[in-house]
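Here is the structure we will look at.
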Amino acid sequence: MKLFAPVALVAALALLACASNGAPVGEGAAKATAGDRAAPHAHIPAPGEKVMLSEDEWKKKLSANQYRILREGGTEFAGTGKLLRNKKDGTYRCGGCGAPLFQSETKYESGSGWPSFYEALEGRITEKLDTSHGMVRTELLCASCGGHLGHKFPDGPRPTGQRYCINSASLDFESEDGQLISGD
Ligand SMILES: [Zn+2]
């Protein structure tokens, strides 16, 4: 029996390692092994509900790329977003807090290189004047967590004439059968 004890110990440690891999961790190790699947948000904010996390908590919750875009107002390279060409039916959610932001019916191909929508879900997005980089633009933020999503331009299609130009990395997509895909 003595010979088998170390084997049992190694097996137990391996099991523990697997269990800890299941926990959501910062720089997407769990995401990488789970393919495109995103960890479901434990709580989906109701309309008007605010999500307040410290910067350290956001760093733990988000990948480095998501943090740079959602919390620091960054922009992903055009044409690179995972959800850019996604044509499935479902709901686009905030990658930070899970709040629903857009329905797939309002997504269209703008040619900009970023996921584009002509309408947002009511009350889910906050607009802010952005005068950075020598331009006057309308910045779009998640109304629940304040995460940076992208910008709005008045060159969209009917019926609104608006283009919500959104970083894929700021989004999660939930298909109608409940599969959650990270846009990061
Ligand atoms: Zn959010």
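Quick rundown of the values:
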quantity: Count - residues of segment 47-79 that are charged (D, E, K, R) and either within 12 Å of the ligand (Cβ to nearest atom) or touching a residue at least 40 places away in the same chain (Cβ under 8 Å) (or both); calculated: 6
quantity: Selected residue [in contact with a Ser or Thr (Cβ under 7 Å, 6 or more places away or on another chain), buried (at least 20 other Cβ atoms within 10 Å of the Cβ) and over 23 Å from P40 (Cα atoms)] from Y118, Y164, Y108; calculated: Y164
quantity: Selected residue (only one of T138, T160, T126 is more than 16 Å from the ligand (Cβ to nearest atom), of a type in the set (V, I, T) and without any contact (Cβ under 8 Å) to a residue 40 or more places away in the chain); calculated: T138
quantity: Every residue from segment 113-142 that is over 19 Å from E72 (Cβ atoms), in contact with a Gly (Cβ under 9 Å, 6 or more places away or on another chain) and of a type in the set (G, A, S); calculated: G113, S116, G123
quantity: Residue check for A19: part of a helix (DSSP H, G or I) and modelled with pLDDT under 95; calculated: yes
quantity: Unmet requirement for N65, which otherwise passes all of (1) farther than 14 Å from I166 by Cβ; (2) part of a loop (DSSP other than H, G, I, E, B); (3) at pLDDT 65 or above; calculated: (2)
quantity: Top-ranked residue of segment 84-96 - restricted to ones that are away from the ligand (no atom under 13 Å from the Cβ) and closer than 24 Å to P47 by Cα, ranked as farthest from the chain's Cα centre (by Cα); calculated: D89
quantity: Residue within segment 97-107 that is touching a helix residue (DSSP H, G or I) at 6+ places or on another chain (Cβ under 9 Å) and away from the ligand (no atom under 16 Å from the Cβ) present; calculated: no
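The values are calculated or read from the model by the stated rules, or taken from the named source; none is laboratory data. What you see is a predicted model, and the numbers here were worked out from it, not measured in a lab. Reconstructed Cβ throughout: ideal geometry from the backbone, glycine too, with neighbour counts over all protein chains shown.
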